Structures are given as C-alpha cells and as structure tokens.
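**Student:** Sharing a structure here in structure tokens format.
The values are calculated or read from the model by the stated rules, or taken from the named source; none is laboratory data. These numbers come from a predicted model, not from an experiment. With ideal geometry, Cβ positions are generated from the backbone for all residues, glycine too; neighbour counts draw on all protein chains shown.
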Amino acid sequence: MDRTTSSTQEFTTTFWHIFTNDIKIPKTPSPPGFHAVQPTTETSKINDKTQKLFRGGIGMLLYLVKHSHPDLLNCTRKISKAMDGARTIQWNELLHVIKYAIDTKETGL
C-alpha cells in the first residue's frame, strides 16, 4: 500500500467520525435531479455551527476529489455553491456525498 492510499484511508476514517449519520448507503455520489439553490431568507439557512461543519465537509471533499475520488467532483462543485449560507437540503446532500465517499473508500482511482 502506497502512502497516498494510506493517508486517504486515514482521512476517510476521520471523515466518518465527524459526519456520522444514519442514512442509507447511496449508489451514486449525488441523487438525480439535485440543484443547489441559494436561501431566500435568513430563516431557511442552517445554524452557524452546522454551517462551519458544512464548510469543513466541502474542504474534505475537495481533498478527496484531488487525491482519490474524482467521481465526486461534480456533486462537490454543486454543493459548494452554498458556502456562504447553506440550507437543510444542501446539508443533507453533503451528508449523502460523504456517506458515498466513505462506503466507496476501497474503490479509489
């Protein structure tokens, strides 16, 4: 096992501990028909603590896109459009992509 594979597996383990959630194992990185939409009011945004986790999750996904999971590029790009104020739908999409990345950690490039 090379160094990149080892560090990617350690990274996905860290990812798992931060974003553990009881969601089904996804078959694709992003569900069909997902569209990133900017929030229309302040009340539709997620809270500040979750927004901080959201930004960290996007950063972790970008790391995985660069090093081992180019298949996550498009869905990560779509979700990252809401970096300044995500809604619950973007948060759930992020969790979906993270779950996919964790479940396919053995796949790699």
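**Student:** Assess whether Lys66 counts as being under 24 Å from Lys45 (Cβ atoms) and among the basic types (Lys, Arg).
**Tutor:** Working: under 24 Å from Lys45 (Cβ atoms): no; among the basic types (Lys, Arg): yes.
No, not satisfied.
**Student:** Taking the stretch 71-109 as the region of interest, how many residues are over 13 Å from the mean Cα position of the chain (by Cα) and not in a loop (DSSP other than H, G, I, E, B)?
**Tutor:** Result for the stretch 71-109: 2.
**Student:** Which of the residues belonging to the stretch 59-98 are of a type in the set (Val, Ile, Thr) and surrounded by fewer than 21 Cβ atoms within 10 Å (Cβ to Cβ)?
**Tutor:** Val65, Thr88, Ile89, listed by residue number.
**Student:** Further question: Filter the stretch 49-72 down to residues that are among the charged types (D, E, K, R) and modelled with pLDDT of 90 or more, then give me how many there are.
**Tutor:** Summing the residues that are among the charged types (D, E, K, R) and modelled with pLDDT of 90 or more in the stretch 49-72 gives 3.
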